[in-house]
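Trainee: Okay, here's the structure, questions in a sec.
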Amino acid sequence: MFRSFVVCMLLACAASGGRVRGSALDSVADGPTRQREASVKPGINEPWRSRNVAPLIRRLESESREIWVQRDHIVQVVAPEPGMIIADIGAGSGFLTLMLAERVGPRGKIYAIDINPTLLDEIRKRAQTKGLNNVETVLAAEDSIPLAPNSIDVVFMCDAYHHFEYPKSTMRSLRAALRETGEIVMVDLERIPGKTDAHMLEHLRAGKDIFRREIIEAGFELVQEHDVPELIENYVLRFRKSRANAGLCQ
């Protein structure tokens, strides 16, 4: 048991990628050097690093974007409960972050996680304006999410997984952050030749089957694919830590 614990702590440290400010985010010491994973789609996130976030926010909150129009249904399928701790990965403008924060209440917490510090500043301002003190912003690294081990009830990824340039190492860090009973709720875009428009076919490196397989290979098992009639362009998958690997990092 002690040996397994030490192994898991080393993995968590290697995945953390650095220190994070915040009372609930315990900093983790740097772990052993790990050979960096090769990028699966170099440059995919460059447009999202811009400090001029106004165009990005307009794009994220456009009426032509399904997850903006159907945001109430998306939050409903996540099923946040009072007191939950949720990590919103790729939080963007934070419109879903704030909705989740209202649902989990003052005893819960939402970590808004993104690679763009200016977007995180915007989320922080919006949360303050709405009087939501349970939102904490976290700057993500390219290949890891710096969250404390065993600290998260739900990892929420909405149109974010296809932006993971280093999915194996990023998922490793998320697995370490999830509690034993934690789950992933993943919303992402369908990629169907002949149905998906040409721009999205180019943008999305893979479709649902490949993404699902990658997450399973990262140490998770599929709980269900949610049927959300209002979502035409997107699908929703729910995962939990694989029981086959339960002894590894508990």
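Trainee: Select from the range 103-127 the residues that are assigned to a helix (DSSP H, G or I), out of contact with any helix residue (DSSP H, G or I) (no Cβ under 9 Å at 6 or more places or on another chain) and over 17 Å from Ile57 (Cβ atoms) and list them in ascending order.
Mentor: Correct list: Val104 only.
Trainee: Out of everything in the range 134-174 that is in contact with a Ser or Thr (Cβ under 8 Å, 6 or more places away or on another chain) and of a type in the set (Asp, Glu), what residue ends up being nearest to Leu120 (Cα to Cα)?
Mentor: Asp143
Trainee: Take Glu142 and tell me if it is surrounded by fewer than 18 Cβ atoms within 10 Å (Cβ to Cβ), closer than 24 Å to Ala112 by Cα, at pLDDT below 95 and charged (D, E, K, R).
Mentor: Against the criterion (surrounded by fewer than 18 Cβ atoms within 10 Å (Cβ to Cβ), closer than 24 Å to Ala112 by Cα, at pLDDT below 95 and charged (D, E, K, R)), Glu142 qualifies.
Trainee: Another question, then. Quick check on the range 194-213: of everything there that is among the aliphatic types (A, V, I, L, M) and part of a loop (DSSP other than H, G, I, E, B), which residue is nearest to Gln70 (Cα to Cα)? If you could, list the steps in order and put the result at the bottom.
Mentor: If we filter the range 194-213 for residues that are among the aliphatic types (A, V, I, L, M), which is where we start, we get 198, 200-201, 204, 206, 210.
Adding the requirement that they be part of a loop (DSSP other than H, G, I, E, B) leaves 204, 206.
Numbers: Leu204: 21, Ala206: 23 Å.
By that ranking, first place goes to Leu204.
Trainee: Can you tell me how many residues within the range 214-228 are farther than 17 Å from Asp159 by Cα and either in contact with a His (Cβ under 8 Å, 6 or more places away or on another chain) or not in a loop (DSSP other than H, G, I, E, B) (or both)?
Mentor: So the answer is 7.
Trainee: Does at least one position in the range 31-42 carry a residue that is part of a loop (DSSP other than H, G, I, E, B) and modelled with pLDDT under 50?
Mentor: In the first step, residues of the range 31-42 are kept if they are part of a loop (DSSP other than H, G, I, E, B); the result is 31-42.
Adding the requirement that they be modelled with pLDDT under 50 leaves 31-32.
Yes, that holds for at least one residue.
Trainee: Out of (1) touching a Phe, Trp or Tyr at 6+ places or on another chain (Cβ under 9 Å); (2) in contact (Cβ under 8 Å) with a residue 40 or more places away in the chain; (3) surrounded by 22 or more Cβ atoms within 10 Å (Cβ to Cβ), what's the single condition that is false for Tyr111?
Mentor: It fails just one condition, (1).
Trainee: In addition: For the range 81-106, enumerate the residues that are more than 22 Å from Lys125 (Cβ to Cβ) and of a type outside the set (A, V, I, L, M).
Mentor: Within the range 81-106, Glu81, Pro82, Gly83 meet the criteria.
Trainee: Out of Phe164, Phe156, report the one residue that is aromatic (Phe, Trp, Tyr), in contact with a Leu (Cβ under 9 Å, 6 or more places away or on another chain) and buried (at least 20 other Cβ atoms within 10 Å of the Cβ).
Mentor: Phe156
Trainee: When the residues of the range 56-102 are filtered to those that are out of contact with any Lys or Arg (no Cβ under 7 Å at 6 or more places or on another chain) and part of a strand (DSSP E or B), which remaining residue is farthest from Cys158 (Cα to Cα)?
Mentor: Ile86
Trainee: Moving on. All but one of (1) more than 20 Å from Leu237 (Cβ to Cβ); (2) in a helix (DSSP H, G or I); (3) at pLDDT 95 or above hold for Pro47, so report the exception by its number.
Mentor: Failed condition: (3).
Trainee: Looking at the range 172-195 only, could you name the residues that are touching a strand residue (DSSP E or B) at 6+ places or on another chain (Cβ under 8 Å) and either aliphatic (A, V, I, L, M) or crowded, with 17+ Cβ neighbours inside 10 Å (or both)?
Mentor: The answer is Leu174, Arg175, Ala177, Leu178, Gly182, Glu183, Ile184, Val185, Met186, Val187, Asp188, Leu189.
Trainee: Follow-up. Could you list, in sequence order, all residues of the range 156-193 that are among the acidic types (Asp, Glu), under 27 Å from Trp68 (Cα atoms) and in a strand (DSSP E or B)?
Mentor: Within the range 156-193, Glu183, Asp188 qualify.
Trainee: Can I ask one more? Can you tell me which residue in the range 41-81 is surrounded by the fewest Cβ atoms within 10 Å (Cβ to Cβ), limited to those that are touching a helix residue (DSSP H, G or I) at 6+ places or on another chain (Cβ under 7 Å) and of a type in the set (Lys, Arg)?
Mentor: Ranking the candidates gives Arg51 first.
The values are calculated or read from the model by the stated rules, or taken from the named source; none is laboratory data. These numbers were taken from a predicted model, which means no experiment stands behind them. Every residue, glycine among them, receives a Cβ derived from its backbone with ideal geometry; neighbour counts consider all protein chains shown.
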